Structures are given as C-alpha cells and as structure tokens.
Amino acid sequence: MIVGPAIAASVSGEEAASRPRLAGSLPGRLFARLLDSVDASVLEAGAKGELLVAHARLGVALVLVLLQALPTWPGRTRAVALPASLAALAYAAAAQWAARTRYRPSLALATAAIDVTLVSAILVGYGVWVDPHLLANSWAAFELYFLTLALATLRFHGLVCALTGALALLQYGSIVLWTLPLQASDAQSVGPFPFGRYDLNVQLCRLVLLGAATLVSLLAVLQARALRQHLIDSLARRQAEERAREERTRREREELSRELHDAVAQLLFGATLVAQSVGPAYRRDPAEGERQVERLLDLSRRTLAELRALMGPTPATTEGPPDDSPTAPIKAVRLPPAP
C-alpha cells in the first residue's frame, strides 16, 4: 500500500482553493480544520488506519457469522442476522482488499458511510421481518454504531469522524420517527411484548449518546493531531537550539584560535628578540648570556605549550612526558666561551 505524492498534491490543491472561502466564519474555520490533514505523514497514517479498520471489520463480521451457529440464537432473529452477517463479511473482505491495494483518501469516507448504513439496515430488517420492538430495544445491534465511531477514530481524520457520527444520528433519528407510533399503540395494549415495550425516552437517550460519542471521537482525532503538531514543533525547536549551540561553539573555537594564534606570534616575536640579544650579552658577560639563554628557553617552552593547545592533544607514544613536552624538564644549554 503506497500513498503517492499525487494524492497529497491533489488534496492540497483542493484545500488551498477552499480555505479562502471557509475562513470567514466560525463553522467555516472548524470545517477547514477538519480538512487540514493532507500532508504526507497524515495521509500515510490514514492509510494504515484504514487497513487496521479493514482487519477489525473483517474480524467482527466473521464473529457475527459464527454466532449464528449458536443454538440459543432465536430463529426469527437469525433469519435477518445471518444474511446481514454474510453480506457484512463479503463487504469486509472487499473493503480489506481495497484498503490494501487501492487506497485513496475518499475510501475512508465511503467505507465509514457503508459501515453506518449496514448497522441501520440490520435494525430496519429487525423491524420489518421480526418485530419493530426488537428494532427499538436491541442493544446488541445498536451498539454497533459505537463500534463504527471507534473505527472512524482510527482513520485519523476529523471529517471521517464527523461524517460517521452525522450519518448515525440521521439514520437512527429516522428510525426513531418511523417507530414513534409504537409509543401510542403500546400504551393502549397490555401485551405480551416479547422484545419489550417501546420507550421514547430510551430512544432519545440513544440519540444523545450517539451525539456524545461523535463529539468524543472528533475531539480525540483533533487532540491527536494537536499533539502531533506539538511534537513536530518541539522537535523543530530542539533542532534550532542544537544548531544555535553548534554555531556558538564554532564561533568560540574560532575566537580561541585567533587568541592562541596572537599569543604564539607574540611569544615567537619575543623569542626572536631575546635570541638576537644572546650573542652580545654573552660577549659582555657570560653570566648575562646564560640568563638570556634561560629566558629564550622559557619563551620556547611557552610557545610550544601554546602551539600544543592550538593543535589539540596528541596521543603519547612512550611512558612519561616526551622530551618536547611543555612539562618536560629543559636541559641547560651552555654556549662556548667568548673569544
């Protein structure tokens, strides 16, 4: 499964054209934020999420098919549940193939809409071929709506979550309106009610739960994207600080190098002056000449130390300081007697 650059380019172009029109109002800004997930990493995350959803959908459909073999499953309910489960299994296999080989960002919107519609179709089948009270009171089938919302969150796209929740609310709201006459008929009847009485308050609570689940799913995706952006910004700041630290270190080293170079130049200049004065001083007074030689050796040792500091440490090849080390003892040098 590969998310090509053409996908990101096409989606980015569409967003660029739509953002100026959406920026004027609060709903427009919210909708633009829902659409704001078109960079390559988010597309890749959405593709992986769609494949994960496809695996989960296939597993759930397979479990639903296997459940039909249980002897405790009512025969009338199985007449609706078994064909619906087989259709869901075939659809899940096709969706998994599409997510693996033909992924596009629009695939997430299409499969999310089909997921919700399939749950609503199961409920309508219960109401038409079994009993409308089963449609209104079946918690097992109704809870599949929450599963579709949870799977929508894995797609990492706020628009998919919003579409899934809106379709669930619209379709189940239509089912509630369709079954609303049961409220009056149940009040005038004494039963029996094998699937329970119709309660409008329960149906309204279900709609409220669907709306809350939609909001939670949407906020989870937006929060995940905000956290991702925060991590990207933190990494960028850390890299900028590291570059600034490296630049400061480089400048400090250059400044130290210039200072050491100036110090070495001054020491060499001083050593040159002393060396020029050794001969005349030795001719005037041998003791004065030896003092000048000692001074020259001291300047040479300091110059050598500065040069070693400028070039950096070198590995020792013998035990103890070498003869040219700044810490090595400097042997006294005696000049021949003056003529």
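Bear in mind these aren't lab numbers, they're just calculated from the coordinates by the rules spelled out. Owing to the predicted nature of the structure, the values given are computational and were not obtained by experimental measurement. For neighbour counting, all protein chains shown are included, and Cβ atoms are generated from backbone atoms with ideal geometry for every residue, glycine included.
Put a dot 7 Å past the Cα of ALA212, heading toward its Cβ, do the same for ALA226, and the two dots end up 2.1 nm apart.
Cα-based values for the stretch 132-212, radius of gyration first and Dmax second, are 14.6, 49 Å.
With no solvent and one equal point scatterer placed on each C-alpha of the stretch 82-204, evaluate the Debye formula and give log10 I(q)/I(0) for q = 0.09, 0.10, 0.14, 0.21 Å⁻¹, two decimals. Once normalised to I(0) and log-transformed, intensities are -0.30, -0.37, -0.66, -1.18. Here the 3J(HN,Hα) profile of the stretch 48-63, calculated from phi with Karplus coefficients 6.51, -1.76 and 1.60 at θ = phi - 60°, is 5, x, 5, 5, 5, 4, 4, 5, 5, 4, 5, x, 5, 5, 5, 5 Hz, Gly and Pro shown as x. Between ASP298 and GLU247, full extension at 0.36 nm per residue minus the direct alpha carbon distance yields a gain of 14.7 nm. The gain in end-to-end length when the ARG197 to LEU70 segment is fully stretched comes to 43.1 nm, 0.36 nm per residue minus the alpha carbon separation.
Okay, which of the stretch 180-200 sit inside 19 Å, backbone N to the point 7 Å along the Cα-Cβ direction of TRP129? Flagged as within label range: 195. Between LEU219 and GLU255, what is the FRET efficiency for a Förster distance of 56 Å, r being their Cβ-Cβ separation, to the nearest 0.05? With a Förster radius of 56 Å, E is 0.60. The packing ranking of peptides 150-162, 172-184, 235-247, 87-99, highest mean first, is 150-162, 87-99, 172-184, 235-247, where packing means the average number of other beta carbon atoms within 10 angstrom of each residue.
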